Amino acid sequence: LGEGQRWAVLVGVNQYDDWQNYGKLEVCVQDVKAIQQALIAGGYEPERIHLLTDDGPETPTRANILSSLQAVANATEPGDSLLFYYSGHGSAVNDTSYLVAKDGRFNVLGDTAVSVTRIKEIMNNAPARAKLIILDACHSGAQIGKGAEPMSAEFIRRVFEEAEGMVILASCKQGEKSYEWRVKERSVFTHYLLEAMSGKADWDQKGFVSISDAGKHVVNFVKLWASQQKVAQTPTLEAQIVGDVILSRYSQDA
């Protein structure tokens, strides 16, 4: 799947208006910009990639995230693919998983954050048949193992349930944190995702990397990194489609 036009909405949030409850992150904007460049290198047309970052012309507020995803989803056609990528804080409240927008407020999260249910609803209604959600959420704070709360069981359960027709790749399992890698200026998960997209996950030399290829690569290498740091982080992949989805192409001569 995904042989037609490829569309993407990429969201990265480092600084939050509700800084008392959502600590500043260091690498999420860099994550998004690196993913953007990797997608372009992998065959995406730049004008079909919508970027929302703290330092960009369109900031990652709740309204901007939802309106951008809706507009891009509406533009897709059945042969196309649609990718939504988020790097930032995540939270779960009242049986709902949320991606915390720049203007998200802890005490009224349901009114100010972006529910994963709403993201899936927009994507499910898009004409595109190949749909990917990649979540690098619930990052740790200033030092490794400190800061954000671990990803809750409720967050993970709500992210993956009713995911029919799409593939979801999340950066960690319940009870774990998704770590930043300050030396690399990346999140650990996104570092290995980018490595996968560069062609290192294409073990059978197809000339492209599928989401299944990428999932295997990031699970293996993130788990290895975590074991070396004496922490736990295990990416999770769930696919509710028949077949596989092309994530990116790469030059085999590179």
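The values are calculated or read from the model by the stated rules, or taken from the named source; none is laboratory data. Quick caveat, the model's predicted, so the values are computed rather than measured. Here the Cβ is made from the backbone with ideal geometry for all residues, glycine too, and neighbour counts use every protein chain on show. Note: areas computed on protein heavy atoms with side chains; ligands, DNA, RNA excluded. Shrake-Rupley method; radii C 1.70, N 1.55, O 1.52, S 1.80 Å.
Annotations for the structure displayed:
- Condition met for Glu164 (under 28 Å from Lys24 (Cβ atoms), open to solvent by 20 Å² or more (accessible area, probe 1.4 Å) and at pLDDT below 85): no
- In the stretch 200-219, the qualifying residues are those that are open to solvent by 10 Å² or more (accessible area, probe 1.4 Å) and assigned to a helix (DSSP H, G or I), and the one that is farthest from Arg6 (Cα to Cα) is Val219.
- Subset of the stretch 196-207 that is at pLDDT 85 or above and over 15 Å from the mean Cα position of the chain (by Cα) - its residue that is farthest from Ile133 (Cα to Cα): Trp203
- Selection over the stretch 1-53 of residues that are in a loop (DSSP other than H, G, I, E, B) and either under 19 Å from Ala71 (Cβ atoms) or open to solvent by less than 40 Å² (accessible area, probe 1.4 Å) (or both) gives a count of 14.
- Strands (runs of 3 or more DSSP E) enclosed by the stretch 54-135 - at least 1 residues per element that are out of contact with any Phe, Trp or Tyr (no Cβ under 8 Å at 6 or more places or on another chain), in contact (Cβ under 8 Å) with a residue 12 or more places away in the chain and surrounded by 21 or more Cβ atoms within 10 Å (Cβ to Cβ): 81-88, 96-99
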